[in-house]
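The values are calculated or read from the model by the stated rules, or taken from the named source; none is laboratory data. Predicted model only: the values in this text are computed from it and were never measured. Don't worry about glycine lacking a Cβ; one is built from the backbone with ideal geometry, like all the others, and counts go over all protein chains shown. The protein model used for the area step is the full one, side chains on, heavy atoms only, and it has no ligands, DNA or RNA in it. Shrake-Rupley method; radii C 1.70, N 1.55, O 1.52, S 1.80 Å.
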Amino acid sequence: MKKLSISVLLVVFLGVAAAANAGTAKLQVIHNAADPAAALVDIYVNGNLFLNDFSFRAATPFVDVPSDVNLTIGVAPASSSSSADVIASFPAKFAKGKTYVAIANGVLEPSAFAANPDGRSIAFSIFPRENVRTRSQFPWLVSAIAFHGASDAPTVDILAESTLGDLRLIDDLGYAGFSSYKFLLPKKYILKVTPGGDNKTVVASFEANLSGLGGGAAVVFASGFLTPSANQDGADFGLFAALPNGAVVEVPKVGAQPGLAQLQ
């Protein structure tokens, strides 16, 4: 049986770094692949088990990883016994002193799922982004970056509801794309997701309560499917936020029953 803790991950990665006489970068990994067959996966790095039974909509905290060396990130079924069971692998190289997020997204058999409306590939892949923030550069604001991870959703805008007219926070974000960073006041927002260029058609609305998060940072990711019935009955569309400590919180839909998963 495979067992691995964050402390073991650090030993594995730092051992590689020491062997390569390299410095380190910081990395957070987010599992956002909504394919039900990928609900649990194992992640290998250069043949070593990095994450065991990594679950959908889970994230690691930021950990130190070796920089300026070639790495091979492999994804295997949760039942894997070694890196020989890897079903997809991706090269990676991290620059010394930089901070990254890597989001696993997409589906294992694209022909069995609804195509992306914009014609983008929905095949399982890992999407990295450098210069990710672990805190806001302004202690009175919240820093947030958005990732579009809903494979059957078109290019979207995200609006913040206002009595003076909705404010477009995110403009024309396509599937598998990252937005630029947004700096928000630590208060409550009603966020509206609309098709890009059609802000009158609201796909879904969410209530994000950022009160008390001044100085913090998050990676906000669209997750799941707009039409689960056309996508192997996968998870429904939602917004989630990964925090630097690895906690993932759901941004509740407007009108949904309040639960414990509140962005507070």
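At-a-glance table
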read-out: Selection within region 93-124 - assigned to a strand (DSSP E or B) and crowded, with 17+ Cβ neighbours inside 10 Å; value: T99, Y100, V101, A102, I103, A104, N105, V107
read-out: Test result for S79, among the small types (G, A, S), part of a loop (DSSP other than H, G, I, E, B) and over 18 Å from N32 (Cβ atoms); value: yes
read-out: Considering residues of region 220-234 that are over 14 Å from I158 (Cβ atoms), under 19 Å from the mean Cα position of the chain (by Cα) and of a type in the set (A, V, I, L, M, F, W, C) only, the residue surrounded by the most Cβ atoms within 10 Å (Cβ to Cβ); value: F225
read-out: One residue from F124, F62, F54 being under 19 Å from T227 (Cα atoms) and either touching a Lys or Arg at 6+ places or on another chain (Cβ under 6 Å) or not small (G, A, S) (or both); value: F124
read-out: Cβ-Cβ under 7 Å pairs, at least 6 apart or on other chains, region 50-67 side at pLDDT below 95, far side assigned to a strand (DSSP E or B) and among the hydroxyl-bearing types (S, T, Y); value: F50/Y44; D64/T24; V65/T24; P66/T24; S67/T24
read-out: From the options S151, S136, residue that is within 20 Å of the chain's Cα centre (by Cα), over 20 Å from P186 (Cβ atoms) and surrounded by 20 or more Cβ atoms within 10 Å (Cβ to Cβ); value: S151
read-out: Odd one out for G197, checked against (1) open to solvent by 50 Å² or more (accessible area, probe 1.4 Å); (2) in a loop (DSSP other than H, G, I, E, B); (3) under 23 Å from A59 (Cα atoms); value: (3)
read-out: Contacts under 7 angstrom Cβ, first residue in region 119-144 being within 20 Å of I170 (Cα to Cα), partner of a type in the set (K, R) and part of a strand (DSSP E or B), 6 or more apart; value: A144/K182
read-out: Any pair with Cβ under 6 angstrom, 6 or more apart, that starts in region 164-189 at a residue that is closer than 18 Å to N116 by Cα and ends at one that is assigned to a loop (DSSP other than H, G, I, E, B) and open to solvent by 50 Å² or more (accessible area, probe 1.4 Å); value: G174/D118; Y175/R120
read-out: Residue list for region 166-182, restricted to those being exposed (fewer than 13 other Cβ atoms within 10 Å of the Cβ) and either in contact with a Phe, Trp or Tyr (Cβ under 9 Å, 6 or more places away or on another chain) or not in a strand (DSSP E or B) (or both); value: S180
read-out: Selection count where residues are under 28 Å from N131 (Cβ atoms), more than 20 Å from the chain's Cα centre (by Cα) and not charged (D, E, K, R), scope region 160-193; value: 5
read-out: Selection status of S89, open to solvent by 50 Å² or more (accessible area, probe 1.4 Å), more than 19 Å from V248 (Cβ to Cβ), touching a residue at least 12 places away in the same chain (Cβ under 8 Å) and assigned to a strand (DSSP E or B); value: yes
read-out: Residue list for region 40-86, restricted to those being surrounded by 17 or more Cβ atoms within 10 Å (Cβ to Cβ) and small (G, A, S); value: A58, A59, S67, G74, A76, S80, S83
read-out: Counted residues, region 84-129 - those being under 18 Å from A146 (Cα atoms), in contact with a helix residue (DSSP H, G or I) (Cβ under 9 Å, 6 or more places away or on another chain) and of a type in the set (F, W, Y); value: 0
